[in-house]
Amino acid sequence: MNEAAQELEKKEILKRYRSLLRACRRSLEKGDKQQIRKAFDLALDAHKDMRRKSGEPYIYHPLAVAQICAEEIGLGTTSIVCALLHDTVEDTDVTLEDIRHGFGDKVAQIIDGLTKISGVFDQSTNSIQAENFRKMLLTLSEDVRVILIKLADRLHNMRTLDSMSRKNQMKISSETLYLYAPLAHRLGLYNIKTELEDLSIKYTEQERYFEIAQKLQDTKVQRNKYIRSFIEPIETELNEQGFGFEVKGRPKSIFSILNKMKKQGITFEEVYDLFAIRIIIDVPIEEEKAACWNIYSIVTDFYYPNPDRLRDWISSPKSNGYESLHTTVMGPKGKWVEVQIRSTRMNEIAEKGYAAHWKYKDATGGNNESGLESWLARVREILENPDASAVDFLDDFKLNLFSEEVFVFTPKGELRKMPANATALDFAFDIHSDLGSKCIGAKVNNKLVPLSYNLSNGDQVEIITSKKQKVNDEWLKFVVTAKAKSKIKQLLKEVKREASQVGKEWLERKFKQAGFPFTADKINALTNYFRYQSSLDLFFAISNEKFDRSKLDLESIFHQAPHQKETQKHVSGSGPLKKKLYSAETILFGENMDELDFGLARCCNPIPGDDIIGFITVGEGIKVHRTSCSNAIKLSSNYGYRIIKATWANTPVKSQNAFLAGIKVTGIDDVGIISKITDTISKQLQVNMKSITVESHAGTFEGKITLYIFDTSHLDNLIQKIKQAVPHTQVVRVNVIE
């Protein structure tokens with residue numbers, strides 16, 4: 001690099017450092033500036049020879065993460081220092097001891113939580129990403145700043161994801177959607193959560209993301225005009241009553257619009273609440289509640305409210321501290337509009353989440369953080385389960401993140417917040433693990449109910465127990481809380497471990513008779529051969545006679561050992577995948593665009609034209625998923641190292657292979673309507689159908705059709721033709737579960 005370019009880079013780094021100081025100047029105390037400068041100098045020196053994938057100097061990244069911590073989350077000096085140093089221990093010669101010596105124990109502890117786990121894991125059962133996340137959460141239970149800095153780090157990585165390979169874009173986006181966005185939601189960082197979700201689908205569902213973004217841009221002028229006409233009478237009234245206030249109109253996020261389109265099977269034009277109005281009032285804390293209800297009264301004087309859409313999070317804040325009053329009203333031109341009413345304090349907590357709680361802790365008697373504290377306590381409990389695999393742990397932990405809440409009471413009148421759809425058994429485990437394991441039923445509002453009873457707001461619950469009660473795996477089907485799930489799994493594992501000992505002893509005798517050593521390698525080969533997830537599952541199956549012992553021919557199984565080894569080798573990612581000997585298929589894998597054996601995932605049935613990825617399974621080769629498939633997002637998040645880039649081959653001749661796809665058709669019931677639909681599909685378009693089910697209800701019908709089509713353009717054409725043939729009908733693609 002020439003001197004002029006070096007000089008320009010130095011100026012840019014200094015400019016970004018000054019911007020960071022400006023962002024945190026409000027919270028700076030004596031000596032803070034020197035600490036930040038010291039951290040910046042160390043990071044600058046440690047990363048001096050490093051560059052990001054985009055070609056920029058690496059120091060841009062820690063500076064940007066520190067800027068997000070200061071500006072968008074409102075964190076203080078310790079967090080800024082940690083953000084500047086967060087990659088030094090992992091990526092440079094700087095050690096944790098150097099950090100401890102220069103900046104103290106607290107900074108060293110946070111940096112340790114942010115540093116990825118080193119060492120190798122048994123990749124067939126665990127996931128490095130899951131282990132990293134688990135370690136980070138262990139530190140979170142000591143200091144929440146770890147996770148806040150990690151979220152800032154992830155946000156900047158997502159903002160700069162364009163320079164990464166397609167495989168990495170998919171892996172990082174899936175991980176973000178699966179874990180980090182829900183975590184931002186749970187910590188009350190709504191702006192960050194929304195941006196993480198939008199940036200994730202920008203890569204997992206590119207086409208639909210840009211389509212919605214363009215439509216939002218195209219409708220921006222008329223949307224703003226509508227918002228102005230809606231708020232005009234409200235503003236006039238608020239001014240007359242002497243309120244200090246601010247009114248904002250903002251579009252819903254692309255992610256939430258796309259979700260609504262998918263769930264309801266509607267087009268962008270049919271999404272009625274594309275935006276929300278937020279009214280923020282500046283009043284003292286003691287007057288907030290009354291003032292918010294006063295504003296609600298003013299809004300409903302002008303516009304008729306939907307009584308089913310009133311959400312009062314002022315009287316009962318969410319457990320992440322979120323406070324706001326939401327209502328949906330009928331605005332001009334027959335449009336429903338969501339209105340959010342909150343104070344300046346509530347708005348700051350909604351935007352900056354956990355970090356803003358400390359500022360208001362004394363003024364509100366500390367109640368704001370109690371919900372978060374109890375949530376963190378639940379996280380600690382899950383972390384303390386020594387038996388859970390990292391991926392199981394993540395699944396359980398995720399249950400604790402994104403759930404709406406119901407408010408229930410103990411017999412003594414103590415309020416407890418539970419996730420929506422929580423059952424009586426969840427409540428028992430929430431009170432105490434021993435209570436849950438001995439629970440045989442409950443009394444809800446003095447009426448006897450079963451363990452699976454779903455709790456509602458305001459229920460008073462009394463748990464009934466028996467010493468004779470035994471935990472069983474049916475319980476896992478109806479509990480929804482992470483605490484209950486993880487405790488039940490732990491108890492079942494103990495039962496399984498005792499029972500599997502019998503199976504293990506029988507197998508050991510069998511090995512001895514056949515003359516094979518009873519080693520871990522041999523047991524793993526046998527476990528994989530019979531497609532069990534772990535040796536414990538194999539022993540348990542043998543012990544409870546689900547396993548046909550007469551079919552266990554060890555000599556013929558171990559005769560195939562070389563083949564087993566090859567399978568293991570390619571699954572762990574250390575060996576090359578076997579190339580196909582024929583080229584009749586239409587998917588190419590990896591950077592070298594190789595043709596390999598594969599199967600289409602049944603959970604999402606990809607068809608040519610869909611964005612896809614390959615996933616290397618343990619026993620079934622490569623499975624191809626749509627990138628938007630929820631299973632693909634979960635797999636990419638937990639097992640990123642087993643994801644392989646996949647693309648449909650652009651063949652000049654349209655493929656003659658037909659692929660299974662599903663559509664859902666809904667509309668107004670009429671004589672001959674099904675005949676019109678099937679004629680359009682079979683006679684006009686000559687598409688073969690596999691199955692059709694139709695239900696009629698009160699003048700409307702809903703049909704699900706599975707059919708064989710060639711690619712996405714073929715399917716889009718078919719959907720358009722059905723809509724033209726049958727007016728007032730909605731047609732959407734759905735997953736086919738075989």
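Considering the stretch 1-54, and only residues there that are closer than 24 Å to GLU90 by Cα and hydroxyl-bearing (Ser, Thr, Tyr), the residue that is modelled with the lowest pLDDT turns out to be SER54. Of all residues in the stretch 540-557, those satisfying the criterion of being assigned to a helix (DSSP H, G or I) and over 34 Å from the mean Cα position of the chain (by Cα) are ILE542, SER543, ARG549, SER550, LYS551, LEU554, GLU555, SER556, ILE557. Looking at this structure, is THR328 under 21 Å from VAL406 (Cα atoms) and surrounded by 14 or more Cβ atoms within 10 Å (Cβ to Cβ)? Spelling it out, THR328 is indeed under 21 Å from VAL406 (Cα atoms) and surrounded by 14 or more Cβ atoms within 10 Å (Cβ to Cβ). Exactly one residue out of VAL495, VAL480 is β-branched (Val, Ile, Thr) and not assigned by TED's automatic domain parsing to the domain that holds ARG549, and it is VAL480.
Scanning the stretch 723-738 for residues that are touching a residue at least 24 places away in the same chain (Cβ under 8 Å) and either under 19 Å from PHE268 (Cα atoms) or among the small types (Gly, Ala, Ser) (or both) yields ALA725, HIS728, THR729, GLN730, VAL731, VAL732, ARG733, VAL734. Filtering the stretch 22-43 to residues that are hydrophobic (A, V, I, L, M, F, W, C) and surrounded by fewer than 18 Cβ atoms within 10 Å (Cβ to Cβ) leaves only LEU28. Scanning the stretch 413-427 for residues that are assigned to a helix (DSSP H, G or I) and more than 15 Å from LYS470 (Cβ to Cβ) yields a total of 3. In this structure, is ILE314 part of a strand (DSSP E or B) and either among the hydrophobic types (A, V, I, L, M, F, W, C) or under 27 Å from the mean Cα position of the chain (by Cα) (or both)? No, not satisfied.
Quick one: is ALA83 part of a helix (DSSP H, G or I), assigned by TED's automatic domain parsing to the domain that holds LEU187 and at pLDDT 90 or above? Judged against the criteria, ALA83 is a match. Of all the criteria given as (1) outside any loop (DSSP other than H, G, I, E, B); (2) without any contact (Cβ under 8 Å) to a residue 40 or more places away in the chain, the one not satisfied by ALA276 is (2). Any residue in the stretch 190-209 that is over 25 Å from ASN592 (Cβ atoms), without any contact (Cβ under 8 Å) to a residue 24 or more places away in the chain, in contact with an Asp or Glu (Cβ under 9 Å, 6 or more places away or on another chain) and not hydroxyl-bearing (Ser, Thr, Tyr)? No, the stretch 190-209 has no match at all. Exactly one residue out of SER675, SER628 is among the small types (Gly, Ala, Ser) and either without any contact (Cβ under 8 Å) to a residue 24 or more places away in the chain or touching a His at 6+ places or on another chain (Cβ under 6 Å) (or both), and it is SER675.
Criterion first (acidic (Asp, Glu) and either in contact with a Leu (Cβ under 8 Å, 6 or more places away or on another chain) or more than 30 Å from ILE643 (Cα to Cα) (or both)) does GLU207 satisfy it? No. Pairing residues of the stretch 248-273 that are among the aliphatic types (A, V, I, L, M) with residues that are surrounded by 15 or more Cβ atoms within 10 Å (Cβ to Cβ) and not in a helix (DSSP H, G or I), at Cβ distances under 6 Å and at least 6 apart in sequence or on separate chains, gives ILE257/VAL271.
Across the stretch 331-349, the qualifying residues are those that are surrounded by fewer than 23 Cβ atoms within 10 Å (Cβ to Cβ), in a strand (DSSP E or B) and within 27 Å of the chain's Cα centre (by Cα), and the one among them that is modelled with the highest pLDDT is GLN340. Of the residues making up the stretch 596-617, those that are more than 12 Å from THR586 (Cα to Cα) and small (Gly, Ala, Ser) are ALA601, GLY614. Pick from the stretch 68-103 the residues that are touching a residue at least 60 places away in the same chain (Cβ under 8 Å) and more than 15 Å from ASP41 (Cα to Cα): which of them is surrounded by the most Cβ atoms within 10 Å (Cβ to Cβ)? The extreme case among them is CYS69. Remark: pairs (first residue in the stretch 503-529, more than 15 Å from PHE547 (Cβ to Cβ) and crowded, with 17+ Cβ neighbours inside 10 Å; second residue modelled with pLDDT under 80 and of a type in the set (Gly, Ala, Ser); Cβ separation under 6 Å; 6+ apart in sequence or on different chains) are absent.
The values are calculated or read from the model by the stated rules, or taken from the named source; none is laboratory data. As the structure is a computational prediction, the values presented were derived from the model and not from experiment. As a convention, Cβ positions derive from the backbone with ideal geometry for all residues, glycine included, and neighbour counts pool all protein chains shown.
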